[in-house]
1. If we keep just the residues of region 135-160 that are in contact with a strand residue (DSSP E or B) (Cβ under 7 Å, 6 or more places away or on another chain) and within 16 Å of the ligand (Cβ to nearest atom), which is nearest to residue 208 (Cα to Cα)?
2. Does residue 155 satisfy being in the same structural domain as residue 254 (by TED's automatic domain parsing), surrounded by 15 or more Cβ atoms within 10 Å (Cβ to Cβ), under 20 Å from the mean Cα position of the chain (by Cα) and more than 16 Å from residue 260 (Cβ to Cβ)?
3. Hey, can you tell me all the residues within region 238-260 that are at pLDDT 95 or above and closer than 20 Å to residue 96 by Cβ?
4. Restricting the search to region 1-51, which residues are buried (at least 20 other Cβ atoms within 10 Å of the Cβ) and under 16 Å from residue 107 (Cα atoms)?
5. Scan region 88-108 for residues that are touching a strand residue (DSSP E or B) at 6+ places or on another chain (Cβ under 7 Å) and either at pLDDT 95 or above or within 16 Å of the ligand (Cβ to nearest atom) (or both) and jot them down.
6. Could you grab me the full set of residues in region 211-253 that are in a loop (DSSP other than H, G, I, E, B) and under 20 Å from the mean Cα position of the chain (by Cα)?
7. So, in region 111-134, of the ones that are surrounded by 15 or more Cβ atoms within 10 Å (Cβ to Cβ) and either touching a residue at least 24 places away in the same chain (Cβ under 8 Å) or part of a loop (DSSP other than H, G, I, E, B) (or both), which residue ends up nearest to the ligand (Cβ to nearest atom)?
Ligand SMILES: [Zn+2]
């Protein structure tokens, strides 16, 4: 993932050491120090609030320190120094590498929570006998590893203009790039062509891969592309898109915050246009 973070193929068993870092989640909120959103409690700072049988999951190693994740009832933590913050609020507030570690923790916890029973025979699952990150059915042997759901996100441009849309769920007036889930059997390029056609009714061409971002809401991989407008009139999918339009790169509406791949796509295009126009 990064030089500062290492995954572990075999997960260590047993309780953490006192200085181990603890990502504590209560639903979508993570426990952080009130003065520093990048600081999470150590095992010695957190363990008083956990029940004896709390299920801990190893996330990996961050700067030579083991990181665990655990679900905690928000009401169990009674301390002025620690506050619950929505994971989304950390985006852009902590460094990108640490956000990825926190997001990984959230996804591991969500996966463990939703795979307590075997999907094939319904028997309760247990840990992997050799310490791999898998839930294993003791009855039929089915092993389930964490899954991610790929999404494609694309910035469609036409000359100096960017096609941006405001989804109904963006109640703060924010406009963003178009995105959608990949369907089974689709290529990433086909997904983007289909999603843009469905959501705003236009055709695109010249897809260029930009990069990817893990997106832990709840467990997605965003594959980012640039694409060119190739034809058609804007025709909005009413149930998803409230507004969409082409915006000149010098007159953008409210756009996503730094730290998101949508913003990175927009920033790169704006930079290219500025270079072109001097
Ligand atoms: Zn089974």
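The values are calculated or read from the model by the stated rules, or taken from the named source; none is laboratory data. The structure presented is a predicted model; accordingly, all values stated were derived computationally and were not measured. A quick note on method: Cβ atoms are made from the backbone with ideal geometry, for glycine too, and the neighbour counts reach across all protein chains shown.
1. By that ranking, first place goes to 144.
2. Answer is no for this residue.
3. 255 - this is the single residue of region 238-260 that is at pLDDT 95 or above and closer than 20 Å to residue 96 by Cβ.
4. Across region 1-51, the qualifying residues are 22, 23, 24, 25, 30, 31.
5. Those that are touching a strand residue (DSSP E or B) at 6+ places or on another chain (Cβ under 7 Å) and either at pLDDT 95 or above or within 16 Å of the ligand (Cβ to nearest atom) (or both): 101, 102, 103, 104, 105, 106, 108.
6. Residues satisfying the conditions are 216, 217, 218, 219.
7. 118
The rows are residues; the columns are (1) over 12 Å from residue 163 (Cβ atoms); (2) touching a strand residue (DSSP E or B) at 6+ places or on another chain (Cβ under 9 Å).
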{"position": "216", "(1), (2)": "yes, no"}
{"position": "230", "(1), (2)": "no, yes"}
{"position": "250", "(1), (2)": "yes, no"}
{"position": "262", "(1), (2)": "yes, yes"}
{"position": "266", "(1), (2)": "no, yes"}
{"position": "274", "(1), (2)": "yes, no"}
